[in-house]
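A short write-up of the structure that comes next.
The values are calculated or read from the model by the stated rules, or taken from the named source; none is laboratory data. Everything numeric here is computed off the predicted structure, so don't read it as measured data. Cβ: placed from backbone, ideal geometry, glycine included. Neighbour counts: every protein chain shown.
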Amino acid sequence: MKLLNRSTVIAKKYPTRILQFGDGNFLRAFIDWIVYELNRATNFNAGITVVKARPGKGKLEILNNQEGLYTLFLKGVKNGEVKNKHSIIDCINEGINPYDNFEYYFNQAENPNLQFLVSNTTEAGIVFNAGDKLADTPQISFPGKVTAFLYHRFKIFNGDKNKGLIFFPCELIDNNGLKLKEIVLKYAKIWKLESSFISWVINHNFFCNTLVDRIVSGYPKNKINSIQEELGYKDQLIVESEFYHLFVIEASSNIQKKFPANTIGLNVIFTEDIKKYKTIKVRILNGAHTSLVPLGYLYGLNTVRECLKNTLIKGFLKKLVANEIASTLNFPEEELINYTNDVFDRFENPYLEHELMSISLNSISKFKTRVLPSIIEYIAIKNSLPQYLLFSLSALIVFYKGNRNGIPILLNDDEEVLCFFKKLFESSNNSFTITQAVLSNTDFWETDLTQYQGFHNQVKLYYEVIINKGMKATLKSFALS
């Protein structure tokens with residue numbers, strides 16, 4: 001069977017106008033699909049160069065072997081009708097690993113056609129690293145890489161105001177664009193870069209706050225052979241996604257004209273205030289996903305849909321969302337109910353197998369941004385502890401113990417996080433010590449969670465019960481309590 005590439009199928013080549021940090025399933029099923037649709041419907045005419053965001057294993061070599069091509073399947077129920085559609089996405093030109101070929105990556109800054117930079121480096125990506133230096137090849141942090149890249153572009157084009165970039169960061173943190181800009185300017189100051197560069201960054205580069213929403217289940221490994229037989233070619237980058245999508249961009253009308261995705265029937269919204277869209281989506285949909293991972297995986301399940309077919313877990317999750325997340329949001333009750341119902345319908349999409357371990361990437365930073373705000377607001381509003389959310393946090397600590405019924409859990413997080421848990425569990429089996437260390441780690445939460453009355457005792461209690469009884473028995477007793 002032939003490998004999918006540009007000799008296998010006829011595919012148009014577009015000039016590179018977009019630099020993309022991240023080669024994961026989400027960006028390929030979301031941003032790259034939007035660009036693909038824009039190219040087909042308008043004269044947008046944009047190709048994408050993908051940059052590996054961090055060292056380690058990835059999909060870059062496969063992407064280059066397939067010359068940027070891959071198949072996207074959209075599956076689900078749309079307008080009451082079962083839909084199954086696939087397309088060969090052709091807008092990616094190449095993938096670059098800056099850790100192996102820094103010079104080639106850095107020279108992308110010299111591309112006069114480059115106009116956009118998009119990213120998904122997870123919630124742990126838009127951070128400041130004091131160790132980053134301008135001379136590094138490359139810098140450790142994503143914002144450090146961006147700063148050095150922009151500085152090179154600034155010098156190459158002599159500060160041309162028309163060579164600034166439009167940033168669409170897709171990381172699920174508040175004010176992602178402004179946060180990225182803030183750290184870039186911090187590096188510029190620490191590295192003592194000239195004031196004219198700082199002015200160029202501020203006035204001629206546009207860091208847009210964004211919100212993204214699409215459930216992407218990823219590579220269909222359990223049915224890949226039958227899919228490839230049907231397609232008639234080998235594709236190692238097939239990605240599956242739901243039809244639903246939402247892209248909210250906080251930007252001016254000028255940027256809207258340059259990225260006219262809202263004019264071709266896509267659910268792309270330009271707004272002056274993104275907060276409403278972001279709060280409800282991150283707290284309910286992403287908060288439910290992140291809360292579910294340790295419960296479902298320690299229970300012995302592997303996908304979101306398996307969890308939602310389990311009446312015990314589904315009931316737990318529904319109470320968690322309705323009673324402890326939605327109840328803290330200042331939105332009309334009907335709107336919250338409708339959105340929550342839609343989220344659970346999407347979770348139960350019979351055509352997607354969304355792996356829990358895929359969602360588990362960087363779970364600590366995800367819990368901080370997606371779930372912790374609901375916990376803190378619940379305490380402030382109700383003057384009591386949210387039991388379901390604290391149970392999920394306790395389960396997360398057990399999850400980072402790295403063992404499911406005697407089988408190692410392949411944890412995927414920043415090295416600092418993994419080292420912290422490894423040392424913690426190697427040095428102690430005491431539940432008080434373990435939960436105290438995690439909850440008081442301000443590097444994780446940016447606050448000491450033990451300061452809330454009863455917080456530590458409750459998490460310790462749930463942690464002990466899960467460790468001693470296992471998730472199945474614990475959840476059953478929790479549901480009956």
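Mind listing whichever residues of the stretch 95-131 are closer than 23 Å to Gly56 by Cβ and in contact (Cβ under 8 Å) with a residue 60 or more places away in the chain?
At the first step, the residues of the stretch 95-131 found to be closer than 23 Å to Gly56 by Cβ are 95-106, 108, 117-131.
Residues satisfying the conditions are Gly95, Gln108, Leu117, Val118, Ser119, Asn120, Thr121, Thr122, Glu123, Ala124, Gly125.
Quick test for you: out of Asn203, Asn225, pick the one residue that is in contact (Cβ under 8 Å) with a residue 40 or more places away in the chain and surrounded by fewer than 15 Cβ atoms within 10 Å (Cβ to Cβ).
Exactly one of Asn203, Asn225 is in contact (Cβ under 8 Å) with a residue 40 or more places away in the chain and surrounded by fewer than 15 Cβ atoms within 10 Å (Cβ to Cβ), namely Asn203.
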Can you spot a residue in the stretch 8-16 that is outside the structural domain of Ser119 (by TED's automatic domain parsing), in a loop (DSSP other than H, G, I, E, B) and without any contact (Cβ under 8 Å) to a residue 40 or more places away in the chain? yes
Among the residues of the stretch 142-165, how many are in contact (Cβ under 8 Å) with a residue 24 or more places away in the chain, in a loop (DSSP other than H, G, I, E, B) and not aliphatic (A, V, I, L, M)? 3
Taking the stretch 297-347, which residues are more than 14 Å from Phe478 (Cβ to Cβ), assigned to a helix (DSSP H, G or I) and of a type in the set (Gly, Ala, Ser)? Ala322, Ala326, Ser327
Only residues that are of a type in the set (A, V, I, L, M) and in contact with a strand residue (DSSP E or B) (Cβ under 6 Å, 6 or more places away or on another chain): list them for the stretch 323-358, please. Leu352
Residues that are of a type in the set (Asp, Glu) and modelled with pLDDT of 95 or more: list the strands (runs of 3 or more DSSP E) wholly contained in the stretch 36-136 that include at least 1 such residues. 92-96
How many residues are of a type outside the set (S, T, N, Q), in contact (Cβ under 8 Å) with a residue 12 or more places away in the chain and out of contact with any Phe, Trp or Tyr (no Cβ under 7 Å at 6 or more places or on another chain) when one looks only at the stretch 230-258? 11
Lone unmet requirement of (1) surrounded by fewer than 22 Cβ atoms within 10 Å (Cβ to Cβ); (2) outside the structural domain of Ser217 (by TED's automatic domain parsing) for Leu4: (1)
Residue check: is Val282 out of contact with any Asp or Glu (no Cβ under 9 Å at 6 or more places or on another chain) and surrounded by 21 or more Cβ atoms within 10 Å (Cβ to Cβ)? no
Which ones in the stretch 249-279 are assigned to a helix (DSSP H, G or I) and surrounded by fewer than 21 Cβ atoms within 10 Å (Cβ to Cβ)? Ser253, Asn254, Ile255, Gln256, Lys257, Lys258, Asn262, Thr263, Lys275, Lys276, Tyr277, Thr279
Every residue from the stretch 214-243 that is within 20 Å of Ile31 (Cα to Cα), small (Gly, Ala, Ser) and assigned to a loop (DSSP other than H, G, I, E, B): none
Subset of the stretch 379-431 [assigned to a helix (DSSP H, G or I) and acidic (Asp, Glu)]: Glu415, Glu416, Glu426
Test: Gly177 is at pLDDT below 95 and of a type in the set (Gly, Ala, Ser): no
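Quick check on Thr442: is it of a type in the set (Ser, Thr, Tyr), in contact with a His (Cβ under 6 Å, 6 or more places away or on another chain) and modelled with pLDDT of 95 or more?
Values: of a type in the set (Ser, Thr, Tyr): yes; in contact with a His (Cβ under 6 Å, 6 or more places away or on another chain): no; modelled with pLDDT of 95 or more: yes.
Criteria not met by Thr442.
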Name the residue that is nearest to the chain's Cα centre (by Cα), counting only residues in the stretch 166-186 that are without any contact (Cβ under 8 Å) to a residue 60 or more places away in the chain and in a loop (DSSP other than H, G, I, E, B). Glu171
